[in-house]
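Just so it is clear, none of the values below were taken in a lab; they were calculated from the coordinates. Given the structure is predicted, the values throughout are model-derived calculations rather than measurements. So basically every Cβ, Gly included, is an ideal-geometry build from the backbone, and we count neighbours across all protein chains shown.
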Amino acid sequence: MTIASMTGYARAEGRDSLSSWLWEAKSVNGKGLDVRCRLPYGHDALEVAAREAVTRKLKRGNVQLSLTLTNTAAGPELRVNTALLNQLVTLVDELGPSHQNIAPARWDGLLAIKGVLESAGTDSSVDEDVRAARETAMKADLENVLDALTAMRQAEGARIEAVLLAQLDEIGLLAERAGACAVLRPEAVRERLRTQVAAVLEAAPSLAEERIAQEVALIAVKSDIREELDRLRAHVGAARDLIGGDAAVGRKLDFLSQEFNREANTLCSKSADVELTRIGLDLKAVIDQFREQVQNIE
């Protein structure tokens with residue numbers, strides 16, 4: 001299974017006889033899974049389905065879901081309540097002579113009175129059926145947009161995976177170069193120990209033999225980077241296993257990148273050689289790039 005990125009965008013459109021809608025889904029990096037929904041008024045019930053669907057398909061990332069609904073049907077058919085309008089006209093004729101100081105009634109005023117114009121709507125049971133069918137279609141398109149978002153995140157993850165594997169190759173190569181460094185050859189280590197012990201004896205010629213042995217052991221430990229190199233190699237193997245697995249690995253790879261950095265820092269602090277220090281700095285640079293990429297992984 002290819003690792004997945006946390007970054008992606010997708011959209012899905014749908015329509016029925018009365019309206020059209022557009023789902024948009026966008027995700028960016030996040031420590032956990034955070035879902036935010038923006039839905040039209042009256043469609044709040046879809047938020048529960050949206051959150052459940054995102055939780056099924058994604059493990060990490062800040063996800064934003066939005067639904068835009070557009071009415072595509074013609075405006076409602078209007079009809080005149082003739083009986084009410086006739087009553088109003090009769091009333092105006094009757095009251096007109098006794099209220100000559102009031103402006104005569106106008107047709108636009110009469111038509112604006114509540115009840116004169118009525119909407120020739122459909123039966124309420126038909127409206128409910130249409131609404132239920134629309135909601136079902138919207139939920140199907142919600143699944144479609146999340147599937148498209150998941151596919152995009154996986155495609156981006158495949159590109160990141162190739163970069164991570166190349167960086168792991170470079171980390172392994174630098175660890176091998178550090179292990180083969182001339183300063184770590186046995187004769188070089190012995191010579192360095194002799195020089196450092198001589199410096200200790202010169203500074204404190206009256207040191208007891210036991211204390212000298214302790215100083216020699218301390219110098220040897222401080223100059224030995226074999227453990228750091230072994231752990232770097234082990235971390236490279238662990239990272240490859242994680243990348244080749246089936247689970248979400250972003251958090252674990254982030255932890256490993258911290259371990260990589262710790263070993264590289266220790267290697268640099270123990271180094272008493274220009275070549276080894278240069279290798280350590282190159283390691284730190286690659287590890288930093290590795291960690292930046294890992295921040296995008298689910």
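Show which lysines lie in cross-link reach of Lys31 when reach means a straight Cα distance below 23 angstrom and same-chain residues fewer than eight apart are skipped. Reachable lysines: Lys57, Lys59, Lys252.
The phi torsions of region 84-95, fed into the Karplus equation with coefficients 6.51, -1.76 and 1.60 and a -60° offset, translate into couplings of 5, 5, 5, 4, 5, 5, 4, 5, 5, 5, 6, 8 Hz, rounded to whole numbers, with Gly and Pro shown as x. Going from the residue with the fewest nearby Cβ atoms within 10 Å to the one with the most, Phe290, Phe260 rank Phe290, Phe260.
By the count of neighbouring beta-carbon atoms within 10 Å, fewest first, Glu263, Glu118 end up ordered Glu118, Glu263. The alpha carbons of region 78-119 give a radius of gyration and a Dmax of 11.2, 35 Å, in that order.
For Ala105, neighbours were defined as the other residues whose beta-carbon sits under 14 Å from its Cβ, and their charges (Lys and Arg +1, Asp and Glu -1) total -2. Counting only Cα atoms, the size of region 1-100 along its three principal axes is 87, 27, 20 Å, in decreasing order.
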